[in-house]
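Worksheet: one structure, shown below.
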Amino acid sequence: MKKTLLLAGVACVLCSTNALAGWRDAVKDAKYYIGADYAFTSYDFSGSLGEAKKSYNSGVFNMGTRMDKVGVEMFGQWSGKRTKDLAAGEKLKTRVDAYGIDLYGYQPLGCEGKYDLLATIGAANYYFKGDGEGGKSANRIGYRIGGGAMYNFNDRISARVVGRYSYIGAKSLNHAAEVTAGLRYTF
């Protein structure tokens, strides 16, 4: 019985060492990058923010890592304030900011490795604020899914375009559709 347990323990150590070595090789080959995007987003406001402007221009900063065909990216997105004139001279000022994490899948196209198709899924914390009559602010976790394409100019610089749908599910902000375009620098 003791010999069996000893042999099972040795087998576990050997298997975990091989698995750890494989993970180390994958991490060693990981590519790290930073990027900046322009985002055009259309929000579905309702309730007290139902009269707010729907489209926003945003700046997005992101950083991530790519291991062959899989990657992880963290991002922050900031929009400017949008103002809409309401009845009786009131103004409704709104803004939406977000930060979160996305998982990416990459499918290289062609032999040269210049093009990649992308698929993404993730989660973000959306902060939306409305100043004016009936205005409100709130934080809400939303879920994101999207797809796009990336062109690799060389080993360091690439351009990316992604279309994305986000389900937010708040009373004042149900969902969003956006398109982002930007550049990446890989270390």
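The values are calculated or read from the model by the stated rules, or taken from the named source; none is laboratory data. Not measured: the values here are computed from a predicted model. Note that each Cβ is placed from the backbone with ideal geometry, even for glycine, and that neighbours are counted across all protein chains shown. Just so you know, the surface numbers come from the protein's heavy atoms only, side chains and all, with ligands and any DNA or RNA stripped out. Shrake-Rupley method; radii C 1.70, N 1.55, O 1.52, S 1.80 Å.
If you place +1 on the Cβ of every Lys and Arg and -1 on the Cβ of every Asp and Glu, how big does the dipole about the Cα centre of segment 32-121 come out, in debye to the nearest 20? Could you put the intermediate results ahead of the total?
Working: 11 positive and 11 negative charges, 77 e Å.
Computed charge dipole of segment 32-121: roughly 360 debye.
Please identify which residues in segment 61-93 have an amide N closer than 18 Å to a label point set 7 Å out from the Cα of Ala36, following the Cα→Cβ vector.
Hits in segment 61-93 for Ala36 at 18 Å: 61-64, 74-80.
Provide the per residue accessible area, probe 1.4 Å, for segment 128-187, rounded to a whole number of square angstrom.
Values: 3140 Å² over 60 residues.
Averaged over the residues of segment 128-187, the accessible area is 52 Å².
In nm, to one decimal, how far is the modelled label at Asp97 from the one at Val161, with both set 7 Å along Cα→Cβ?
3.0 nm
For segment 33-135, with all protein chains present and a 1.4 Å probe, just round the carbon and sulfur fraction of the accessible area to a whole percent. Could you put the intermediate results ahead of the total?
Values: 3150 of 5220 Å².
Roughly 60 percent of what the probe reaches on segment 33-135 is carbon or sulfur.
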